[in-house]
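Written out below as structure tokens is the structure these notes cover.
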């Protein structure tokens, strides 16, 4: 009996190994994981022989998995840093970069906050801790409570770099976009950053206890991440590319999936989830 | 068969030794990069700026734990005294399993309650704009430490020989006087052990505090500041730290500090429990 079972198990293991040739493993950014699952499902319906497995863990986790050969594609919400590039060189692993969409970072505040827009300079002062009171911004003598993501988040790293500051020590670090939104809804003096894609998909629009602020880059009019036209013209300041790193050995396996993301069906999924398409001239 | 039991016993010790060795090994690697003095006296934990000071994490951990104990000790010991001395057997048979059920609630669920219930409650009562702070964590950890404290303390109180009480009543002492002058002093070491185990439970808890305390790395100013404990810091950063970097070794060094604290607390608890056994005739 046991021997029979053992044979069964062995053959199962062997079968699953055999299947590996048509399996595509995607790992990385938690921001992108929901989107990637939707894309993978749609892709699977078109190409049923492909088994696409998607998992999160964070941008860095995906990049390390790519390095170790445990993933074919790494999703990342930030570019590879110098240390990671050095590791790829040292171990002789080649990979290609594909920017498949753009995501806007939305700055959100409580619905009763009189302020509607902030300049980039104000954001820098607030998040670096120089400006800790709402008074000079909206007249309320209240401490500014900041909400953000922990430092294993690509969003955290990206925003810090984009603003050219080091986040002040008083930023509360929450486990994900949902917690930030819920905290802001309760906190009259809260200010936080979340992925615009997340807000659009789950709340449709503002007016449910929190609002999305418009952001003004130097010498430009303030614009909202919900304003599709402005975002597409690259007028919104906090716009970040979402990357996919593809292990070169898996390039052939990954190619049809990449083509699918670029196809109209793939683009439709991206847009429906609050992400933006990459314009050729915006490829950074 | 005896050999098998012996082997499993040695295996447990080997695992403990292995963990300790790994912690030490990685910590030593860290202390070759960052001097011990800076590690213990620095208040800023910002690995991206090469600042590895454990002080604010350590103070946060202690703050949350002390806050939790300030709530859990009076309630826990009071409940234990009630269950052991006053409660009718029928009631006690219901209450004790109910209290023990508290320990069965997963820490994620307690953390979730911290976000959706305690957070707005603190905001309303303390008139602050943010309820994700040390106080929130303390309330949750107190809840989690209660079953441990109540169970162990109640056992200690019930272990006081009936003859002690009868002798006291025989001398004309009231129930309250007996409790105060005879039972509590006799059960004292057991109660201390209960509290120590409760502290051990609170200090090592990760998920709950990670969810409820806000995780700001600033040095805490009081119970209403958002704090980041050592456990939460390890949980947040371990996921994405580049392996074998100073930061990676640094997380092991903070883990070693945590290990030393909980080891000391458990060791002290063990000492006092050994003391009770001497007490019983």
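A few points about this structure:
- Lone unmet requirement of (1) loosely packed, with under 15 Cβ neighbours inside 10 Å; (2) in the same structural domain as residue A:192 (by TED's automatic domain parsing); (3) more than 26 Å from residue A:176 (Cα to Cα) for residue A:208: (3)
- Note on the stretch A:140-158: residues that are within 22 Å of residue A:187 (Cα to Cα), outside any helix (DSSP H, G or I) and in contact with a strand residue (DSSP E or B) (Cβ under 8 Å, 6 or more places away or on another chain) amount to 10.
- Restricting the stretch A:185-200 to residues that are assigned to a helix (DSSP H, G or I) and within 12 Å of chain B (Cβ to nearest Cβ), the residue that is surrounded by the most Cβ atoms within 10 Å (Cβ to Cβ): A:186
- When restricted to residues that are within 18 Å of the chain's Cα centre (by Cα) and buried (at least 19 other Cβ atoms within 10 Å of the Cβ), the stretch A:252-268 contains 2.
- Filtered residue count, the stretch A:52-82, keeping only those that are on the phi > 0 side of the Ramachandran plot and either crowded, with 24+ Cβ neighbours inside 10 Å or within 12 Å of chain B (Cβ to nearest Cβ) (or both): 2
- Qualifying position, being more than 21 Å from the chain's Cα centre (by Cα) and either in contact (Cβ under 8 Å) with a residue 60 or more places away in the chain or surrounded by fewer than 17 Cβ atoms within 10 Å (Cβ to Cβ) (or both), among A:113, A:34: A:113
- Counted residues, the stretch A:95-121 - those being more than 12 Å from residue A:214 (Cβ to Cβ) and either in contact with a helix residue (DSSP H, G or I) (Cβ under 8 Å, 6 or more places away or on another chain) or not in a strand (DSSP E or B) (or both): 14
- Listed by position, the helices (runs of 4 or more DSSP H) inside the stretch B:33-146 whose residues that are within 14 Å of another protein chain (Cβ to nearest Cβ) number at least 2 are B:55-81, B:107-113, B:119-126.
- Top-ranked residue of the stretch A:132-184 - restricted to ones that are free of Cβ contacts under 8 Å to residues at least 40 places away in the same chain, within 25 Å of residue B:43 (Cβ to Cβ) and within 9 Å of chain B (Cβ to nearest Cβ), ranked as surrounded by the fewest Cβ atoms within 10 Å (Cβ to Cβ): A:166
- Within the stretch A:65-83, the residues that satisfy the criterion of being in contact (Cβ under 8 Å) with a residue 24 or more places away in the chain and assigned to a helix (DSSP H, G or I) are A:65, A:66, A:67.
The values are calculated or read from the model by the stated rules, or taken from the named source; none is laboratory data. The shown structure was predicted, so the numbers you read here are calculated from the model rather than taken from an experiment. Glycine gets a Cβ as well: all are built from the backbone with ideal geometry, and neighbour counts include every protein chain shown.
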